[in-house]
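Each remark here refers to the structure printed beneath this line.
The values are calculated or read from the model by the stated rules, or taken from the named source; none is laboratory data. Nothing here was measured: the structure is a model prediction, and the numbers come from that model. Positions of Cβ are backbone-derived with ideal geometry, glycine not excepted, and every protein chain shown enters the neighbour counts.
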Amino acid sequence: MNSYSLPLFMQVKSDAVADLHKNLKMYLPKQSGQKALILTTEGLLQTLDSKVKIILEQLRTYEVVTVKRSSFDFAVEVAKKISMNNIGLVIGLGGGTALDTAKYAAFVANVAYIAIPTALSNDGVCSPVSVLFAQNEGKHSFTSKIPDGLLIDTDIILKTPRILLEAGVGDTVSNYTALYDWCLGCEENDDRPNDFAYLLSENAFNALLYSEAKSLDTVPGVKMLAESLVLSGLAMHVAGNSRPCSGSEHLFCHAMDELFDHNIPHGILVAIGSIAACALQQRDYKLLLGFLAAYGVSANPKKHGVTEEQFVKAWMFAPQVRKDRYTILNKITLSEDLFSSLYQQMCRECR
(Lines give C-alpha, C1' and ligand atoms only; values in the text may rest on other atoms or scores of the structure.)
Protein backbone atom coordinates (compact mmCIF):
# COMPACT_ATOMS: atom_id res chain seq x y z
CA MET A 1 0.00 0.00 0.00
CA ASN A 2 1.27 3.46 -0.90
CA SER A 3 1.85 6.00 1.87
CA TYR A 4 1.07 9.63 1.21
CA SER A 5 -0.17 12.75 2.97
CA LEU A 6 -2.77 15.29 1.86
CA PRO A 7 -3.02 19.03 2.56
CA LEU A 8 -4.49 19.84 5.94
CA PHE A 9 -6.34 22.92 4.80
CA MET A 10 -7.27 24.87 1.69
CA GLN A 11 -8.96 28.25 1.59
CA VAL A 12 -10.14 29.71 -1.74
CA LYS A 13 -11.89 33.02 -1.16
CA SER A 14 -11.52 36.76 -0.97
CA ASP A 15 -8.90 37.84 1.58
CA ALA A 16 -7.86 34.23 2.21
CA VAL A 17 -4.42 35.35 3.44
CA ALA A 18 -6.09 36.85 6.51
CA ASP A 19 -6.77 33.28 7.67
CA LEU A 20 -3.09 32.30 7.85
CA HIS A 21 -2.72 32.42 11.64
CA LYS A 22 -6.13 30.85 12.25
CA ASN A 23 -5.30 27.88 10.02
CA LEU A 24 -1.80 27.49 11.43
CA LYS A 25 -3.17 27.49 14.97
CA MET A 26 -5.87 24.97 14.07
CA TYR A 27 -3.94 22.60 11.80
CA LEU A 28 -0.25 23.23 12.50
CA PRO A 29 -0.14 24.55 16.08
CA LYS A 30 3.55 23.73 16.57
CA GLN A 31 4.58 25.70 13.52
CA SER A 32 2.38 28.71 14.39
CA GLY A 33 4.96 29.87 16.92
CA GLN A 34 8.10 28.96 14.98
CA LYS A 35 10.17 31.11 12.69
CA ALA A 36 8.89 31.20 9.11
CA LEU A 37 10.85 31.57 5.90
CA ILE A 38 8.95 33.30 3.11
CA LEU A 39 10.13 32.62 -0.43
CA THR A 40 8.94 35.07 -3.05
CA THR A 41 10.07 36.76 -6.25
CA GLU A 42 11.53 40.20 -6.82
CA GLY A 43 9.08 43.08 -6.69
CA LEU A 44 6.14 40.97 -5.53
CA LEU A 45 6.22 42.27 -1.95
CA GLN A 46 5.79 45.80 -3.29
CA THR A 47 3.12 44.83 -5.81
CA LEU A 48 1.07 43.03 -3.15
CA ASP A 49 1.96 45.43 -0.36
CA SER A 50 -1.42 45.38 1.43
CA LYS A 51 -1.70 41.57 1.27
CA VAL A 52 1.91 41.10 2.37
CA LYS A 53 1.31 43.27 5.45
CA ILE A 54 -1.64 41.06 6.40
CA ILE A 55 0.54 37.95 6.07
CA LEU A 56 3.49 39.32 8.04
CA GLU A 57 1.31 40.62 10.88
CA GLN A 58 0.23 37.04 11.57
CA LEU A 59 3.75 35.63 11.96
CA ARG A 60 5.73 35.82 15.19
CA THR A 61 9.14 35.79 13.52
CA TYR A 62 10.02 35.51 9.86
CA GLU A 63 12.64 36.05 7.18
CA VAL A 64 12.06 36.84 3.52
CA VAL A 65 14.20 35.35 0.74
CA THR A 66 13.90 36.50 -2.88
CA VAL A 67 14.07 33.74 -5.48
CA LYS A 68 15.63 35.11 -8.65
CA ARG A 69 15.68 31.78 -10.44
CA SER A 70 14.23 28.40 -9.57
CA SER A 71 17.46 26.43 -9.68
CA PHE A 72 18.23 23.14 -7.95
CA ASP A 73 21.40 24.54 -6.36
CA PHE A 74 19.56 27.53 -4.90
CA ALA A 75 16.76 25.34 -3.53
CA VAL A 76 19.33 23.13 -1.81
CA GLU A 77 21.00 26.22 -0.30
CA VAL A 78 17.62 27.32 1.03
CA ALA A 79 17.09 23.86 2.52
CA LYS A 80 20.44 24.18 4.33
CA LYS A 81 19.41 27.59 5.64
CA ILE A 82 16.15 26.16 6.96
CA SER A 83 17.88 23.28 8.71
CA MET A 84 20.63 25.41 10.28
CA ASN A 85 18.44 28.28 11.50
CA ASN A 86 15.68 26.47 13.36
CA ILE A 87 13.03 27.42 10.80
CA GLY A 88 9.85 25.40 11.21
CA LEU A 89 7.69 26.74 8.39
CA VAL A 90 8.21 27.60 4.73
CA ILE A 91 5.75 29.86 2.92
CA GLY A 92 5.84 30.11 -0.86
CA LEU A 93 4.34 33.36 -2.14
CA GLY A 94 4.26 33.82 -5.90
CA GLY A 95 4.17 31.82 -9.10
CA GLY A 96 6.05 28.70 -10.14
CA THR A 97 9.51 30.15 -9.51
CA ALA A 98 8.80 30.78 -5.82
CA LEU A 99 6.51 27.81 -5.19
CA ASP A 100 8.71 25.17 -6.83
CA THR A 101 11.74 26.41 -4.90
CA ALA A 102 9.79 26.59 -1.65
CA LYS A 103 8.26 23.14 -1.82
CA TYR A 104 11.52 21.45 -2.78
CA ALA A 105 13.46 23.22 -0.01
CA ALA A 106 10.75 22.31 2.50
CA PHE A 107 10.84 18.71 1.26
CA VAL A 108 14.62 18.42 1.68
CA ALA A 109 14.56 20.13 5.10
CA ASN A 110 11.48 18.16 6.19
CA VAL A 111 9.46 21.13 7.44
CA ALA A 112 5.88 22.30 6.93
CA TYR A 113 5.07 24.17 3.73
CA ILE A 114 2.23 26.60 2.96
CA ALA A 115 1.51 27.69 -0.62
CA ILE A 116 0.10 31.14 -1.38
CA PRO A 117 -0.04 31.21 -5.19
CA THR A 118 -0.42 34.46 -7.11
CA ALA A 119 -1.54 32.69 -10.29
CA LEU A 120 -3.45 29.54 -11.24
CA SER A 121 -1.67 28.72 -14.48
CA ASN A 122 -1.00 24.99 -13.93
CA ASP A 123 -1.48 22.08 -11.55
CA GLY A 124 1.95 22.59 -9.98
CA VAL A 125 0.31 24.51 -7.13
CA CYS A 126 -0.41 21.17 -5.43
CA SER A 127 1.73 18.66 -7.30
CA PRO A 128 4.46 16.52 -5.69
CA VAL A 129 6.98 17.77 -8.26
CA SER A 130 9.29 20.80 -8.45
CA VAL A 131 10.56 21.91 -11.84
CA LEU A 132 14.02 23.40 -11.36
CA PHE A 133 16.94 24.39 -13.54
CA ALA A 134 19.72 21.89 -13.04
CA GLN A 135 22.27 20.06 -15.18
CA ASN A 136 23.18 21.81 -18.45
CA GLU A 137 20.83 24.64 -17.52
CA GLY A 138 17.86 22.51 -18.49
CA LYS A 139 14.66 22.13 -16.51
CA HIS A 140 14.34 18.93 -14.52
CA SER A 141 11.51 17.53 -12.40
CA PHE A 142 12.35 16.64 -8.80
CA THR A 143 10.26 14.72 -6.29
CA SER A 144 8.96 17.22 -3.79
CA LYS A 145 6.15 17.62 -1.28
CA ILE A 146 2.64 18.87 -1.72
CA PRO A 147 1.60 21.79 0.51
CA ASP A 148 0.50 21.19 4.06
CA GLY A 149 -1.93 24.02 3.41
CA LEU A 150 -3.05 26.34 0.62
CA LEU A 151 -4.31 29.89 0.84
CA ILE A 152 -5.66 30.93 -2.56
CA ASP A 153 -6.69 34.56 -2.28
CA THR A 154 -9.12 35.38 -5.09
CA ASP A 155 -8.37 39.11 -4.72
CA ILE A 156 -4.83 38.32 -5.87
CA ILE A 157 -5.74 35.74 -8.50
CA LEU A 158 -8.29 37.96 -10.23
CA LYS A 159 -5.62 40.62 -10.80
CA THR A 160 -3.21 38.29 -12.59
CA PRO A 161 -3.00 38.42 -16.41
CA ARG A 162 -5.93 36.56 -17.92
CA ILE A 163 -3.63 34.43 -20.10
CA LEU A 164 -2.37 32.74 -16.92
CA LEU A 165 -5.89 31.72 -15.89
CA GLU A 166 -6.54 30.49 -19.42
CA ALA A 167 -3.36 28.43 -19.10
CA GLY A 168 -4.77 26.87 -15.93
CA VAL A 169 -7.85 25.76 -17.84
CA GLY A 170 -5.60 24.39 -20.58
CA ASP A 171 -3.59 22.35 -18.11
CA THR A 172 -6.77 20.75 -16.77
CA VAL A 173 -7.99 19.88 -20.29
CA SER A 174 -4.89 17.72 -20.67
CA ASN A 175 -6.29 15.21 -18.16
CA TYR A 176 -8.68 14.02 -20.87
CA THR A 177 -5.95 12.88 -23.24
CA ALA A 178 -3.47 11.96 -20.51
CA LEU A 179 -5.88 9.45 -18.97
CA TYR A 180 -6.36 7.80 -22.37
CA ASP A 181 -2.59 7.50 -22.81
CA TRP A 182 -2.22 6.13 -19.28
CA CYS A 183 -4.80 3.41 -19.93
CA LEU A 184 -2.99 2.61 -23.16
CA GLY A 185 0.28 2.27 -21.27
CA CYS A 186 -1.34 -0.01 -18.69
CA GLU A 187 -2.84 -2.25 -21.36
CA GLU A 188 0.13 -2.45 -23.72
CA ASN A 189 3.25 -1.51 -21.77
CA ASP A 190 2.78 -2.91 -18.25
CA ASP A 191 2.39 0.57 -16.75
CA ARG A 192 0.89 0.54 -13.27
CA PRO A 193 -2.73 1.70 -12.91
CA ASN A 194 -4.27 3.43 -9.92
CA ASP A 195 -8.05 3.72 -9.99
CA PHE A 196 -8.26 6.36 -7.26
CA ALA A 197 -5.70 8.60 -8.97
CA TYR A 198 -7.63 8.10 -12.23
CA LEU A 199 -10.84 9.16 -10.47
CA LEU A 200 -9.25 12.31 -9.05
CA SER A 201 -7.88 13.34 -12.44
CA GLU A 202 -11.17 12.62 -14.18
CA ASN A 203 -13.08 14.60 -11.56
CA ALA A 204 -10.69 17.53 -11.96
CA PHE A 205 -11.55 17.63 -15.65
CA ASN A 206 -15.29 17.10 -15.14
CA ALA A 207 -15.48 19.76 -12.42
CA LEU A 208 -14.58 22.45 -14.94
CA LEU A 209 -16.39 20.83 -17.86
CA TYR A 210 -19.74 20.72 -16.08
CA SER A 211 -19.31 23.75 -13.83
CA GLU A 212 -22.07 26.35 -13.92
CA ALA A 213 -19.47 29.01 -13.08
CA LYS A 214 -17.67 29.01 -16.44
CA SER A 215 -15.92 32.31 -15.83
CA LEU A 216 -12.38 33.44 -15.14
CA ASP A 217 -13.58 36.83 -13.91
CA THR A 218 -15.58 35.79 -10.85
CA VAL A 219 -14.80 34.30 -7.46
CA PRO A 220 -16.89 31.14 -8.11
CA GLY A 221 -15.10 30.60 -11.43
CA VAL A 222 -11.66 31.03 -9.89
CA LYS A 223 -12.64 28.78 -6.98
CA MET A 224 -13.64 25.99 -9.38
CA LEU A 225 -10.40 26.36 -11.36
CA ALA A 226 -8.35 26.25 -8.14
CA GLU A 227 -10.11 23.13 -6.91
CA SER A 228 -9.66 21.43 -10.28
CA LEU A 229 -5.92 22.14 -10.37
CA VAL A 230 -5.53 20.93 -6.78
CA LEU A 231 -7.36 17.69 -7.62
CA SER A 232 -4.96 17.16 -10.52
CA GLY A 233 -1.99 17.66 -8.22
CA LEU A 234 -3.42 15.18 -5.73
CA ALA A 235 -4.03 12.65 -8.53
CA MET A 236 -0.32 12.70 -9.34
CA HIS A 237 0.54 12.46 -5.66
CA VAL A 238 -1.65 9.39 -5.19
CA ALA A 239 -0.37 7.73 -8.37
CA GLY A 240 3.24 8.39 -7.44
CA ASN A 241 3.90 9.85 -10.90
CA SER A 242 2.47 12.37 -13.36
CA ARG A 243 0.63 9.87 -15.58
CA PRO A 244 -2.91 10.91 -14.50
CA CYS A 245 -2.33 14.40 -15.91
CA SER A 246 0.52 14.08 -18.40
CA GLY A 247 0.50 12.19 -21.67
CA SER A 248 1.36 12.85 -25.30
CA GLU A 249 0.07 16.43 -25.05
CA HIS A 250 2.69 17.17 -22.40
CA LEU A 251 5.42 15.50 -24.46
CA PHE A 252 4.56 18.00 -27.22
CA CYS A 253 4.77 20.87 -24.73
CA HIS A 254 8.14 19.73 -23.35
CA ALA A 255 9.44 19.26 -26.88
CA MET A 256 8.50 22.86 -27.65
CA ASP A 257 10.39 23.93 -24.55
CA GLU A 258 13.50 21.98 -25.53
CA LEU A 259 13.57 22.90 -29.20
CA PHE A 260 12.45 26.52 -29.30
CA ASP A 261 12.81 29.78 -27.41
CA HIS A 262 9.26 30.94 -26.77
CA ASN A 263 7.15 32.64 -24.13
CA ILE A 264 3.93 30.66 -24.52
CA PRO A 265 2.55 29.58 -21.10
CA HIS A 266 2.79 25.88 -20.30
CA GLY A 267 -0.97 25.45 -20.02
CA ILE A 268 -1.64 27.06 -23.39
CA LEU A 269 0.82 24.73 -25.13
CA VAL A 270 -0.75 21.80 -23.31
CA ALA A 271 -4.21 22.86 -24.53
CA ILE A 272 -2.92 22.94 -28.11
CA GLY A 273 -1.28 19.57 -27.54
CA SER A 274 -4.49 18.13 -26.10
CA ILE A 275 -6.51 18.91 -29.20
CA ALA A 276 -3.84 17.34 -31.39
CA ALA A 277 -3.46 14.32 -29.08
CA CYS A 278 -7.21 13.78 -29.07
CA ALA A 279 -7.15 13.66 -32.88
CA LEU A 280 -4.23 11.23 -32.84
CA GLN A 281 -6.20 9.05 -30.41
CA GLN A 282 -8.97 9.07 -33.05
CA ARG A 283 -11.44 10.69 -30.70
CA ASP A 284 -13.71 13.63 -31.45
CA TYR A 285 -12.11 16.74 -29.98
CA LYS A 286 -15.27 18.87 -30.22
CA LEU A 287 -15.85 18.22 -26.52
CA LEU A 288 -12.50 19.83 -25.72
CA LEU A 289 -13.05 22.73 -28.12
CA GLY A 290 -16.38 23.45 -26.47
CA PHE A 291 -14.74 23.22 -23.03
CA LEU A 292 -12.04 25.70 -23.98
CA ALA A 293 -14.43 28.06 -25.79
CA ALA A 294 -16.66 28.26 -22.70
CA TYR A 295 -13.71 29.76 -20.81
CA GLY A 296 -12.56 31.90 -23.73
CA VAL A 297 -9.41 29.86 -24.33
CA SER A 298 -8.01 29.47 -27.84
CA ALA A 299 -6.21 26.29 -28.92
CA ASN A 300 -5.37 27.66 -32.35
CA PRO A 301 -1.57 27.19 -32.61
CA LYS A 302 -1.14 29.98 -35.13
CA LYS A 303 -2.87 32.52 -32.87
CA HIS A 304 -0.38 31.76 -30.12
CA GLY A 305 2.63 32.11 -32.40
CA VAL A 306 3.32 28.41 -32.98
CA THR A 307 4.39 28.02 -36.59
CA GLU A 308 3.68 24.96 -38.69
CA GLU A 309 7.40 24.13 -38.71
CA GLN A 310 7.59 24.31 -34.91
CA PHE A 311 4.41 22.26 -34.50
CA VAL A 312 5.67 19.51 -36.79
CA LYS A 313 9.18 19.39 -35.33
CA ALA A 314 7.89 19.34 -31.76
CA TRP A 315 5.52 16.44 -32.40
CA MET A 316 8.18 14.48 -34.29
CA PHE A 317 10.59 14.99 -31.36
CA ALA A 318 7.98 14.43 -28.62
CA PRO A 319 8.52 10.65 -28.18
CA GLN A 320 12.21 11.34 -27.42
CA VAL A 321 11.39 13.64 -24.49
CA ARG A 322 10.50 10.74 -22.23
CA LYS A 323 11.24 7.42 -23.89
CA ASP A 324 9.80 5.52 -20.95
CA ARG A 325 6.38 7.15 -21.32
CA TYR A 326 4.09 5.03 -23.48
CA THR A 327 1.42 7.08 -25.29
CA ILE A 328 -0.53 7.11 -28.52
CA LEU A 329 2.71 8.23 -30.19
CA ASN A 330 4.06 4.71 -29.70
CA LYS A 331 1.17 3.18 -31.63
CA ILE A 332 0.93 5.32 -34.75
CA THR A 333 3.29 6.01 -37.62
CA LEU A 334 4.66 9.51 -37.17
CA SER A 335 5.30 11.63 -40.23
CA GLU A 336 5.78 15.29 -41.03
CA ASP A 337 2.84 15.12 -43.43
CA LEU A 338 0.57 13.84 -40.63
CA PHE A 339 1.41 16.72 -38.31
CA SER A 340 1.43 19.31 -41.08
CA SER A 341 -2.11 18.26 -41.99
CA LEU A 342 -3.13 18.32 -38.33
CA TYR A 343 -1.73 21.83 -37.92
CA GLN A 344 -3.75 23.11 -40.87
CA GLN A 345 -6.86 21.37 -39.55
CA MET A 346 -6.46 22.96 -36.11
CA CYS A 347 -5.90 26.41 -37.59
CA ARG A 348 -9.21 26.04 -39.43
CA GLU A 349 -11.28 24.54 -36.64
CA CYS A 350 -9.92 26.07 -33.42
CA ARG A 351 -11.16 29.54 -32.49
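General remarks:
- Candidate set: region 129-149, residues that are surrounded by 22 or more Cβ atoms within 10 Å (Cβ to Cβ) and more than 14 Å from the chain's Cα centre (by Cα); chosen: the one farthest from residue 47 (Cα to Cα): 148
- In region 76-126, the residue that is farthest from the chain's Cα centre (by Cα) out of those that are in a helix (DSSP H, G or I) and among the hydroxyl-bearing types (Ser, Thr, Tyr) is 83.
- In region 84-113, residue nearest to residue 20 (Cα to Cα) [restricted to those that are surrounded by fewer than 24 Cβ atoms within 10 Å (Cβ to Cβ) and not aliphatic (A, V, I, L, M)]: 88
- Residues within region 84-119 that are in contact with a Gly (Cβ under 9 Å, 6 or more places away or on another chain) and more than 21 Å from residue 73 (Cβ to Cβ), tallied: 8
- Matching entry among 343, 295, 285, 326 (being touching a helix residue (DSSP H, G or I) at 6+ places or on another chain (Cβ under 7 Å), on the phi < 0 side of the Ramachandran plot and free of Cβ contacts under 8 Å to residues at least 40 places away in the same chain): 285
- Yes/no for residue 166 being outside the structural domain of residue 19 (by TED's automatic domain parsing) and either acidic (Asp, Glu) or out of contact with any helix residue (DSSP H, G or I) (no Cβ under 6 Å at 6 or more places or on another chain) (or both): yes
- Considering residues of region 309-328 that are within 23 Å of the chain's Cα centre (by Cα) and of a type in the set (Val, Ile, Thr) only, the residue nearest to residue 269 (Cα to Cα): 321
- Verdict on residue 27 being aromatic (Phe, Trp, Tyr) and closer than 30 Å to residue 196 by Cα: yes
- Near pairs, Cβ below 6 angstrom, 6+ apart or cross-chain, from region 184-212 (among the hydroxyl-bearing types (Ser, Thr, Tyr)) to any residue that is part of a loop (DSSP other than H, G, I, E, B): 201/244; 201/245
Listed here are the residues, each with its yes/no results for (1) over 30 Å from residue 295 (Cα atoms); (2) at pLDDT 95 or above; (3) among the hydrophobic types (A, V, I, L, M, F, W, C).
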{"residue": "81", "(1), (2), (3)": "yes, yes, no"}
{"residue": "86", "(1), (2), (3)": "yes, no, no"}
{"residue": "93", "(1), (2), (3)": "no, yes, yes"}
{"residue": "98", "(1), (2), (3)": "no, yes, yes"}
{"residue": "102", "(1), (2), (3)": "yes, yes, yes"}
{"residue": "106", "(1), (2), (3)": "yes, yes, yes"}
{"residue": "117", "(1), (2), (3)": "no, yes, no"}
{"residue": "122", "(1), (2), (3)": "no, no, no"}
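- Residue 35 vs. criteria of a type outside the set (A, V, I, L, M, F, W, C), in contact (Cβ under 8 Å) with a residue 24 or more places away in the chain and within 20 Å of residue 105 (Cα to Cα): yes
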